[in-house]
Amino acid sequence: MDTNAATGDERVSLVEETSKALQAALEFEAVLEISLKAIVPRLADLAVLVVPAAHGDVRIEVAHARPSMVGKLRSEVAASLDAIRQACEISVREGRQARWIPAVTDTALRFVTRRDPRLESLIRSFGLRSLMVVSLRASGRTLGGLAVGRAEDGTPFNSNDFAVAQVLARRIALAIESATLEEELQRELDAPAGVTEAIHKWIRVFDLAFWGAAVVDGTDRRIETVNPAFARLHGYGDPASLAGRPFTELLPQDRAGELENWSKEPGGRVYETVHRRRDGDTVPVLVSVTPMEDRDDGSYVVTVQDLSDLKRTEERLHRAQRMEAVGRLAGGVAHEVNNMMTIILGFSDLLARSLDIGSSSQKEVEEIRKAAVRAAKITTQLLAFSRQQVLQPVDLELNLIVQEMVPVLRLMLPANVKVETALSPLETVVRADRSQLEQVLINLAFNARDAMASGGTIRLVTVARRLDEAEGRRLIGIPIPVGRYGLVSVVDTGHGMDETTLAQVFEPFFTTKAVGAGTGLGLSTVYGIMKQSGGYVWAESIPGKGTTFTICLPEVIGRATQRKRQSGEHRDERPGGGTVLILEDEDGVRELAARILAERGYAVMQARNGSEALAGIRDTVPHLDLLLTDVIVPDMGTGELEYQVHALKPDLPILYMSGYPKDDILYRGLIRRDQAFLQKPFTTEDLVNEVGAMIQRA
């Protein structure tokens, strides 16, 4: 199952389809069934719904992508119910309504389960690799909980998936509340004591309800009585003040006609609309209309639920999907820029090697090369922002990462923001995915920029420290494993944050920016990346005196660092030997690669598309040693090209290249993880070393 392959449009479609189905579901059983079918397998491999039932019982409903696992899942959840309830109660007391664990590592497991062996056993027994837990809340109450996980598919839940889970949880909670209310109402109306007595009993029962309820006359649509929640929702202090008023007073003028539809559906109807409050503001609501058929005047019981929180969450989801669309566009732009940067880097390398070029011209060429390298790094960050990447952890020296990020940040930040560093005198090595770590630093720098509207200073500070459980509780609120950690702090001179803001700063969709000015995903993405990387992040701030965000990762002792080839640590360039066929539709890139390899002693053939390449292979068998090809071939798919090439020459090695990053190529299934790959833009050394190594191995 390829759960993570869902696009933004597919996620929105999932939410919209489920919302319509839940809105029409008036029975509790139907609500639970619709909810689980929506989640599995379109969003996750498994889902668990825990909802309190009558007389203190608890209802457990589960779904699994493999039907044979449903029974086991239900029984193990039931056996761990006390532990689940305790964990939920602690989360509610702490104000946490949702948890997002991109990667279920040992550290994350201890954090989620609070070292409860029952919960650890439950999660491990199903091999969960990514997890989201969301409270089911409606009308200010917690009605239950929803947990969704991925086990079969190891792709982590991303921030958009978390947004979908939150919207679905709110929709499910509203549907559960409506179904419960409908069932209670029907019991009262069907009671033998008589309709009038049942009505009064029902009103007394719901005087303390959290959702709005009213009885409306069927003849002229005037309000007979309402409960306190209905009055509060519409801005009235005294429920009696609404008695006798036309229901249309609660509607904007353009929606007054919707009352005519009440009588068109004898069994009642549920719909979303907007109501007008006493102060003139509007509030989005879910309205359920049930006809009281035994009354002569055909009155209605009308329940109203406030959808304000749900609509805000849905709007954030749509913004997140728009960000995803921008990310896809950014990927295409970055691919084209990388092709151009390949040409600039390659020809500047060739020009710099010319024997007749003067020293002053050498400096000018070097400046061109440096600018191309910086541009290539910016496109890498553009791609990092646009998608959840497959982690490729390597050993990294923190000081080196920070030093190489400073020029990039200075290009990205406004001129009135200074970037300074304070680097540890000791080399500190951590293990992480380089692009993800760079994305974290950029997100934190942008957050600092936003806190300094009039300008200021951002300081990047590196240090190695020993942390223990007590220090973890003080900084993060949870114990962390004892050991040495590499830390990077991003310190700004901005306006700072108060304690309330600080407590919510990593929550998805929390933002202090104006509506439309931010998604609230930047810091939650930082949090998700650090959790996925086995690290931590925390914030310290004083209002008016700036903020410090610190990330930390376990220090790697006695390991060599992963340095970029641009730093000067290149393999020896040796003259090449053999024949290379270059398949590339971008003329500049193809001609550059051909010239570089020809100067190193290789015989070179060129092809602009798959057909030309196959014709060249037929003509040169058995004298061809390597195919260097772009991943995207104009006239055939990558898999078809490989199949036809190996049908002609089974042992011919293939080196793929692309302006898209390898994790994106892998995600799209264009190549396999074990296949050789050269990232554009590449330097002369990159190309020569990769080609030479592949021919030698063959």
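In this simple spin-label approximation, residue 90 and residue 350 carry label points 7 Å from Cα along the Cα→Cβ vector, and these lie 6.4 nm apart. The alpha carbons of the stretch 388-488 stretch over 41, 32, 30 Å along the principal axes, in descending order. For trypsin sites (Lys or Arg not before Pro), the sites in the stretch 246-288 that DSSP calls loop and that have at most 16 other Cβ atoms within 10 Å are 277, 278.
How big is D, in µm² s⁻¹, for the stretch 590-698 by Stokes-Einstein at 37 °C and 0.692 mPa s if Rh is the Kirkwood radius over C-alpha pairs? Present the calculation step by step, with values, prior to reporting the outcome.
Working: Rh = 14.3 Å.
So the translational diffusion coefficient is about 229 µm²/s.
Taking amide H positions as modeled 1.01 Å from N, with prolines and chain starts lacking one, the residues under 5 Å from residue 604 and 5 or more places away or on another chain are 580.
Each eigenvalue of the Cα gyration tensor of the stretch 426-475, multiplied by 5 and square-rooted, gives one semi-axis; in descending order these are 25, 17, 12 Å.
Which order do 347, 677 take when ranked by solvent-accessible area (1.4 Å probe, heavy atoms of all protein chains), largest first?
On the way: 347 75, 677 35 Å².
Output order, biggest surface exposure first: 347, 677.
For the stretch 6-53, carbon and sulfur atoms together expose 57% of the accessible surface, with a 1.4 angstrom probe and every protein chain in place. Inter-label distance, residue 79 to residue 219: 6.4 nm, where each label sits 7 Å from its Cα along the C-beta direction.
Among the protein heavy atoms, those of residue 224 account for about 70 Å² of accessible surface (1.4 Å probe, every chain in place). Ranking 497, 657 by solvent-accessible area of protein heavy atoms (1.4 Å probe, all protein chains present), from largest to smallest, gives 497, 657. The heavy atoms of residue 418 offer some 130 square angstrom of accessible surface to a 1.4 angstrom probe. Distance between the 7 Å Cα→Cβ label points at residue 37 and residue 697: 4.9 nm. Taking 524, 121, 139 and ordering them by how much accessible surface each has at a 1.4 Å probe, largest first, produces 121, 139, 524. Each residue of the stretch 277-292 was assigned a 3J(HN,Hα) from its phi angle through the Karplus expression (A = 6.51, B = -1.76, C = 1.60, θ = phi - 60°), giving 7, 4, 7, x, 5, 10, 9, x, 9, 10, 10, 10, 10, 10, x, 9 Hz with x at Gly and Pro. Within the stretch 601-639, name every residue whose backbone N is under 11 Å away from a label modeled 7 Å from Cα of residue 668 along the Cβ vector. Once the point is set 7 Å along Cα→Cβ of residue 668, 631-633, 638 turn out to lie under 11 Å by backbone N, inside the stretch 601-639.
Once R0 is set to 51 Å, what does the formula 1/(1 + (r/R0)^6) return for the Cβ-Cβ distance between residue 482 and residue 238, expressed as a FRET efficiency to the nearest 0.05?
Numbers: r = 60 Å, r/R0 = 1.18.
My answer for the efficiency is 0.25.
A 1.4 Å probe, protein heavy atoms only, puts the accessible area of residue 498 near 80 Å².
The residues neighbouring residue 550, those whose beta-carbon lies less than 14 Å from its own, together hold a net charge of 0 under the Lys/Arg +1, Asp/Glu -1 convention. Subtracting the Cα-Cα distance of residue 412 and residue 371 from 0.36 nm times their residue separation leaves 13.4 nm of extension gain. For the listed residue pairs 370/418; 311/531; 418/545, the alpha carbons are over 19 angstrom apart in 370/418; 311/531.
The values are calculated or read from the model by the stated rules, or taken from the named source; none is laboratory data. What you see is a predicted model, and the numbers here were worked out from it, not measured in a lab. Using ideal geometry, Cβ is built from the backbone for each residue, glycine included, and neighbour counts are taken over all protein chains shown. Calculation scope for accessible area: heavy atoms of the full protein, side chains included, ligands and nucleic acids excluded. Shrake-Rupley method; radii C 1.70, N 1.55, O 1.52, S 1.80 Å.
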